[in-house]
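Beneath this line is the structure, given in structure tokens, with notes to follow.
We did not get these values from a lab; they are worked out from the coordinates using the rules stated. A quick note: this is a predicted structure, and the numbers were derived from the prediction, not measured. All Cβ positions, even for glycine, are placed from backbone atoms using ideal geometry, and neighbour counts span all protein chains on display.
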Amino acid sequence: MTAAPEFLLARIDDRLLHGQVAVGWAAALKPSWIFVVDDAAASSSWESALYAAAPPPGASVEVLGIEVFASRLREDAVRTERSFLLLKSPESALALMDRGAALTRLNVGGLRHQDGAREVLPYLWLRPADEEALRHLANRGVKLLARDLPMNPEHDLSALLGW
């Protein structure tokens, strides 16, 4: 397993790179790199181009599949100290860890309502599969923090879920 990378922000958000991240989080933290790590986005040239087209000021965006990103982490080919890591789901975060990433903290910032999901916070709706993946992440020592924007309160997700 690789050493725990220190990302400025490692975030789970089903919209990946959008206004809250590009404006709210990037303005506050000023990343140099934003890694959008999602197999579907990486396999779609249109979606990859869309994410890379308008990065926040001072940042570059790279869209990669989970296996490719994990491989680059294992090879120490990712500069994490000024970087955002964006994942679409708790399952994606777990898959990345299963491939050797040693994440220590995740911001769970936005999972919208879907069938079968329950509201935990106004911006956080969890399906049973999400909760199961989050529990596995927590059991591996990942600190799970729910927060939509940097100026809003941070919530310990494990405590909210009663773990």
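Please rank 34, 66, fewest neighbouring Cβ atoms within 10 Å first, as an exposure proxy.
66, 34
Rounding to the nearest 20 debye, state how big the charge dipole of the stretch 14-163 is about its Cα centre with +1 on each Lys and Arg Cβ and -1 on each Asp and Glu Cβ.
Its charge dipole is roughly 360 debye.
By what distance, in whole Å, do the Cα atoms of the stretch 9-160 stretch along each of the three principal axes, largest value first?
35, 31, 28
What is the diffusion coefficient of the stretch 95-163 in µm²/s, taking the Kirkwood radius over Cα pairs and the Stokes-Einstein relation at 4 °C with a viscosity of 1.567 mPa s?
D, rounded to a whole number, is 104 µm²/s.
Where in the chain lies the longest segment free of GluC sites (Glu not before Pro) that are both loop residues by DSSP (not H, G, I, E, B) and have at most 12 other Cβ atoms within 10 Å?
No qualifying site falls inside 82-153, the longest such stretch.
Among 87, 53, 24, whose Cα projects farthest towards the positive end of the dipole of the chain, with charges put on the beta-carbon of Lys, Arg (+1) and Asp, Glu (-1)?
It is 24.
Remind me, relative contact order of the chain in percent, using alpha carbon pairs under 8 angstrom and six or more residues apart?
Computed over the chain, the figure is 29 percent.
What ranking of 76, 14, 38, 148 emerges when the number of other C-beta atoms within 10 Å of each C-beta is taken as an exposure proxy, fewest first?
Result, fewest neighbours first: 76, 14, 148, 38.
How would 163, 125, 46, 25 line up from fewest to most surrounding beta-carbon atoms within 10 angstrom?
46, 163, 125, 25
What value does the stretch 36-118 have for Rg/Rh, both radii from Cα atoms and Rh as Kirkwood defines it?
Checking Rg against Rh, the ratio lands at 0.97.
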